[in-house]
Structures are given as C-alpha cells and as structure tokens.
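This report refers to the structure that appears directly beneath it.
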Amino acid sequence: MKMQLNSVKFVVIGGGTGTYSVLTGLKKYSNNITAIVTMADSGGSAKKERDEWGLLPSSDIRKSLIALADVSNQNILLLRRLFQYRYNEGKGLTGMTFGNLFLVTLTKLLGSQAKAIEKAGEILRIKGRVLPVTLKKIDLVALYEDGSKVIGEHFIDEPKHDGKLTIKKLYTKPKAVITDESKKAILESDVLIIGPGGFYTTILANLVIKGVPEAIKKSRAKKIFILNLMTEYGQTYGFTASKFIDKLNDYLPIECLDYVLINKTPIPQNILKRYIKYHTQPVINDFSRKYPFKTISADILSHKIIKGEKGDHLKRSFVRHDPNKIAFQCLNMLNLV
C-alpha cells in the first residue's frame, strides 16, 4: 500500500553538512522529521565545549536545528542567521558560532543538554526534532591497517599520520548506548536515511553506538543510504562506491538497505583542482555484482559555490549535495511524489 506523505515518519542519521542538506530538502515536504546526530565531534569549538565546559559537542546539533528551522517567519530567519554567525575575532571566541554559545548557555540555564536542544528547537520552530544519538561523553578510536591507533574525531578527520591508511576498526571510548528517544524514533520510522557525511567520523560514528544497528535492523522502515560525493584523506582514501558498501557492511548488514543513492553528475574541473592538495577524488560508481538493495544513480550535485568562513579553521568540503535534488530522489524512489 502506498504511504501518504503527510503521515510518513522520516528519520535521518548522521550529522554535519551532509545531514544539513538532507534535512533542508525534506522539510519542504514534511514536518515529521527526526534527525539523530553524532556526539563524537572533537575539533574546533567542540574541543572547548568538551574540555572547558564539560559538555557534549553541539556543532552537528546546531546544523540540524538550523536546517529544520521555519524559514517562513522573518524573526526565525534572523535567529537562523544568528545561529550561523561565526566569530572571527576576540580572544577565546574566534571560530565559535553564536549557535554553539547559545546552546551552551541554554544548557547551563536548564541544567540539561537534552532539554536545551529541545528548547532551541521550539525557539527556531523546527519542522521535526533533533536528537543526540547518545548522551555519553565519548571519543572515536580508529585502528589502522598498520596497527596504529588514533583517538579523537578531529585527528581522524584531519590526520597528522598517513591519511592513505585504511581504518580496520572504529569504536568509541568509553562504550556508549543509544538514547531511548533515538531508539524509539528509529523503530517507529517509515523512512530511514543514513548519510551522507564523513564516513567514519559522522556515519559510522553513529553506527558504533550500541543499540543503533540493532534498532535499524529491527525497524520496518524503508532504508536509504546516500553515498558521499568525494573520498576523504584520512578516512576513505581511494574508496569506490563498492568499498564504501563493503566497509558499511562491517557495522550494519547491507541486507537491511532498500536503496543506495549515488551521484552521477561529474564534479567540475575547477573544483577538482582545489581538491588535489587534499588527496581527494570523486566517488566512482563501480557497482557490478548483485546487491540486496536497489542502486539509484542520479544528479544530486549542488552547483552552489562553497566559500570559507572567517574564523573557521577546520577542513570543509568544496562541493555539497543539493537539498532539493536529494529530497526529490528519496521521495520519488518511494513513490511519495
């Protein structure tokens, strides 16, 4: 029986700019969206939040809140801009965003980070809700093929070691468990979208949380995995589409996926030139053998020029997925548009 769009429960698992794109596109069709976001961030302002204030990182939470904010209201639009504002001067403030500071302050006032996230969602009138995958303070740990170990999301994402090395195992220290709210959302979802985003530091960072893979497997939702546009030095150097899927299978059985969405539009040459020094290349669709899911190859590339922000010293992507194209493809494959 065909699902009715207004009753469909969407869950998006990830974090960062990839999830931001998915949420931005989906909210034009639905108010029933739950973003489940990684809590493993350790770079930039996250380090200050963790080390100085003893809080969970909020950058990925902030991005999801902004993505789902009601843009039809002028006051909310201004708040949205405030949440995105990044300080580029001032001792101790450079690199921080107003949104992160707002969430930190709200947490101190309410005495709970979970309550602060919920209240921020109310203030921004978000179309859905944003949930941390866990409330445990964790670090990501990556074991590499040469036997070396790297601790911390930031040092995996921006390696000081040989970024061509393959990660053999990813886990958290200490072990963490999915929140009851996130588990319930996954189990009750109708459509479950995983990715895109940093493969190990965003996507698998959620899947290594105890209870997440189990809930996904148990959920009766239609499950969509969105592949990245580019490989990442330090995480997925030289990966093709099939290698992404093989590695995903180590953490989540690919038999539970219904669809895999991959971009088919060539990356502009002027953008590829910018990526050369980062040892990054487009993800090639090399699917040839039979898989348990249906592959959708489509134009999901955004042509928006990504500009760096003053005060932002973290590595960022130069190309992004197009929110409208992603939303349309996800809904179209499920006969919802």
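The values are calculated or read from the model by the stated rules, or taken from the named source; none is laboratory data. In this text, all values refer to a predicted model and were calculated from it rather than measured experimentally. Note: ideal-geometry Cβ built from the backbone for every residue, glycine included; neighbour counts use all protein chains shown. These area figures cover heavy atoms from the full protein model, side chains too; ligands, DNA and RNA do not enter into them. Shrake-Rupley method; radii C 1.70, N 1.55, O 1.52, S 1.80 Å.
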Projected-area mean, the stretch 121-230, by convex hull of Cα positions, square nanometres: 8.4
Amide hydrogen neighbours beyond the local backbone of Ile284, cut-off 5 Å, H modeled: Ala241
Sequence ranges 290-301, 179-190, 318-329, 32-43, ranked by mean other-Cβ count within 10 angstrom, highest first: 32-43, 318-329, 179-190, 290-301
Per-selection metrics, the stretch 17-175 (Cα): Rg and Dmax in Å: 16.8, 54
Flagged links, alpha-carbon separation over 28 Å, of Lys243/Lys273; Lys28/Lys119; Lys28/Lys164; Lys149/Lys277; Lys127/Lys223: Lys28/Lys164
Residue-averaged 222 nm ellipticity for the chain, from DSSP H runs of 4+ at -39500 (n - 2.57), nearest 500: -9500 deg cm²/dmol
Cα-derived Rg to Rh of the chain, Kirkwood definition: 0.93
Relative contact order of the chain, defined on C-alpha pairs under 8 angstrom at six or more residues apart (%): 20
The stretch 208-255: C-alpha gyration tensor shape, a/c 1.5 cut-off, then a/b vs b/c: prolate
The chain: most fluctuating residue of Lys28, Lys91, Lys173 per GNM, C-alpha cutoff 10 Å: Lys91
Semi-axes of the equivalent ellipsoid for the stretch 178-337, Cα gyration tensor, largest first, Å: 27, 18, 16
Where only alpha carbons of the stretch 77-158 are counted, the Rg and the Dmax (Å): 16.5, 49
Candidate lysines for bridging to Lys48, where Cα separation is under 21 Å - those fewer than 8 sequence places away on the same chain excluded: Lys63, Lys91, Lys108, Lys115, Lys136, Lys137, Lys160, Lys173, Lys310, Lys315
Chain lengthening between Ser148 and Val71 when straightened (0.36 nm per residue, less Cα-Cα): 23.1 nm
Nearest-0.05 FRET efficiency for Gln84 and Lys273, computed from C-beta distance (R0 30 Å): 0.60
The chain, accessible surface, carbon-and-sulfur percent (1.4 angstrom probe): 51
Å² per residue, accessible surface of the stretch 96-140 at 1.4 Å: 46
Per residue, in Å², the accessible surface of the stretch 172-329 once ligands and nucleic acids are set aside, probe 1.4 Å: 48
